[in-house]
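Quick notes on the structure that follows.
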Amino acid sequence: MLWKLAYLLQPETAHQLAIALLKRYPRFMFRLMTRPIDSHPALSQKLWGMDFANPIGLAAGFDKNAEIVPAMMQMGFGFIEVGTLTPRAQAGNDKPRLFRLSKDRAIINRLGFNNQGQQYAHRRLEMLYNQPRKSIIGVNIGKNKDTDDAIADYVLGWQQMADVADYITVNISSPNTAGLRELQQYKQLQRLLEALGNVRIKHQKKIPLLVKIAPDLGQEQIKDIVELSLTYQVNGLIISNTTIERFDSLKSYHVQQTGGLSGQPLFQKSTAVLAKFYRLTEGRIPLIGVGGVASAEQAYQKIRAGANLIQLYTALIYSGFRLVHEIHRQLPRLLAKDGYNHISQAIGRGA
Ligand SMILES: Cc1cc2nc3c(=O)[nH]c(=O)nc-3n(C[C@H](O)[C@H](O)[C@H](O)COP(=O)(O)O)c2cc1C
């Protein structure tokens, strides 16, 4: 019902309204949208020394400014990734910059890292971080549009956010910031990981470093990223961000808009890239599978392709938070059907 009403609004206005309501009335919104659920023991994992009650995460970009973390914890996410946060607040690209492709159950966005900046989010996370909580909190960092030194922005991001994060994701894959995806190239990535390695050694708090990559990579680039990730002790890879590809199958009006495409049409491509990374890393680096997950079956396919954890974004716009519950309920059944009694037994079995 709420979701149907939201469709009458511009997509960005609908999102802003949802954030405002979830921020102001987290408990009320929770009761309105979903029912409480306990995580099934077959879904819990210890990763990087932390307990994930379940493998279902909120993908970056949904709660850019860490405004609705308590509400998202109640919704049953095992982990919540806020951001992308840049060192300084910035407005992002001109509107309109977010488009629903309803017939394809997809979205195109060219938001361009609109966010309130790291200090704002830090203040919000400070209030929660040391309280007892059920979900892991990840912080996704990026660079400002007008920065001259991209690497310095990531180093600063680490310094500013590490004390309120369980893990940090370095986002080098959004298509809407000029030059960002070039950081995935060998030399640039090496320099970035070296710089981050130095700041991590100095920082008293040791937290995992994750790198979020694009689905639009060739085999050689994938090999390079794996090699560098192993050399520089990257703790996890998030696969993937949105794609700049426009599939022939797309039917919606907005298909030619510039930006990153997410949702159903991205599922196959991002899952294939995930499986490639799994085969090359052979389980040495935990992977987070994201892109087009809209059902428990698809969450399970990501796990079989090599994901320890999965994340959701676009399907939440089309199906609402009931999807989190559906995955909670169905995943243990899907595991049992294949003879597994714990998620860890299924990871990479289909890669
Ligand atoms: C409107 C929108 C904004 C996004 N913003 C970010 C972002 O700030 N940082 C980031 O790493 N990914 C961002 N993403 C990408 C998602 O986190 C995710 O990787 C991608 O949408 C694929 O998952 P999905 O098909 O489930 O949406 C954004 C996606 C959408 C749709």
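The values are calculated or read from the model by the stated rules, or taken from the named source; none is laboratory data. These numbers come from a predicted model, not from an experiment. As a convention, Cβ positions derive from the backbone with ideal geometry for all residues, glycine included, and neighbour counts pool all protein chains shown. All accessible areas refer to the heavy atoms of the entire protein, side chains included, with ligands and DNA or RNA removed. Shrake-Rupley method; radii C 1.70, N 1.55, O 1.52, S 1.80 Å.
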For segment 238-301, one quarter of the surface area of the C-alpha convex hull, expressed in nm², comes to 4.8 nm²
Given charges at beta-carbon only (K, R positive; D, E negative), |dipole| of the chain in Debye = 820 debye
The answer for the net charge of residues other than Ala162 whose Cβ lies under 11 angstrom from its Cβ, with Lys and Arg +1 and Asp and Glu -1, is +2
Between segment 222-243 and segment 41-64, how many Å separate their Cα centres?
-> 19 Å
If you put +1 on each Lys and Arg Cβ and -1 on each Asp and Glu Cβ, how big is the dipole of segment 117-241 around its Cα centre, in Debye rounded to 20?
-> 500 debye
Would you please classify the overall shape of the chain from the alpha carbon gyration tensor, given that a ≥ b ≥ c denote the square roots of the eigenvalues, rounded means a/c under 1.5, and beyond that prolate means a/b larger than b/c while oblate covers the rest?
-> rounded
Cα to Cα, under 20 Å, and not fewer than 8 places away if on the same chain: which aspartates and glutamates meet these conditions relative to Lys187?
-> Asp148, Asp149, Asp153, Asp216, Glu220, Asp224, Glu227
What length, rounded to one decimal in nm, is gained on full extension from Ser249 through to Gln204, with 0.36 nm per residue of separation minus their alpha-carbon distance?
-> 11.2 nm
Which distance in Å, rounded to a whole number, links the C-alpha centroids of segment 103-123 and segment 274-293?
-> 24 Å
Expressed as a rounded percentage, what relative contact order does segment 2-345 have, with Cα pairs under 8 Å and six or more residues apart?
-> 18 percent
Okay, which of segment 187-201 sit inside 19 Å, backbone N to the point 7 Å along the Cα-Cβ direction of Glu227?
-> 187-195
Can you work out the FRET efficiency for the pair Lys103 and Met50, with r the C-beta to C-beta distance and R0 = 35 Å, to the nearest 0.05?
-> 0.30
At what distance in nm do the modelled label points of Arg333 and Leu128 sit from each other, each positioned 7 Å from its Cα along Cα→Cβ?
-> 3.0 nm
At a 1.4 Å probe, what is the % contribution of carbon and sulfur to the accessible area of the chain?
-> 50 percent
Karplus-derived HN-Hα couplings along segment 137-145 (A = 6.51, B = -1.76, C = 1.60, θ = phi - 60°), whole Hz, x at Gly and Pro = 10, x, 10, 9, 10, x, 10, 5, 4
Computed over segment 2-345, protein heavy atoms only, probe 1.4 angstrom, the accessible area per residue in square angstrom equals 43 Å²
Once you have a ≥ b ≥ c as the square roots of the Cα gyration tensor eigenvalues for segment 35-83, tell me rounded if a/c is under 1.5, and otherwise prolate or oblate according to whether a/b is larger than b/c.
-> oblate
Residue-wise, which Karplus ³J(HN,Hα) couplings in Hz belong to segment 102-109, taking 6.51 cos²θ - 1.76 cosθ + 1.60, θ = phi - 60°, and x for glycine or proline?
-> 4, 4, 9, 6, 9, 9, 10, 10
Stretch gain in nm, segment Ala195-His342, where the contour uses 0.36 nm per residue and the Cα spacing is subtracted = 49.1 nm
Assign one of three labels to segment 78-163, namely rounded, prolate or oblate, based on the Cα gyration tensor with a ≥ b ≥ c the square roots of its eigenvalues; rounded applies when a/c is under 1.5, prolate when it is not and a/b is larger than b/c, and oblate otherwise.
-> oblate
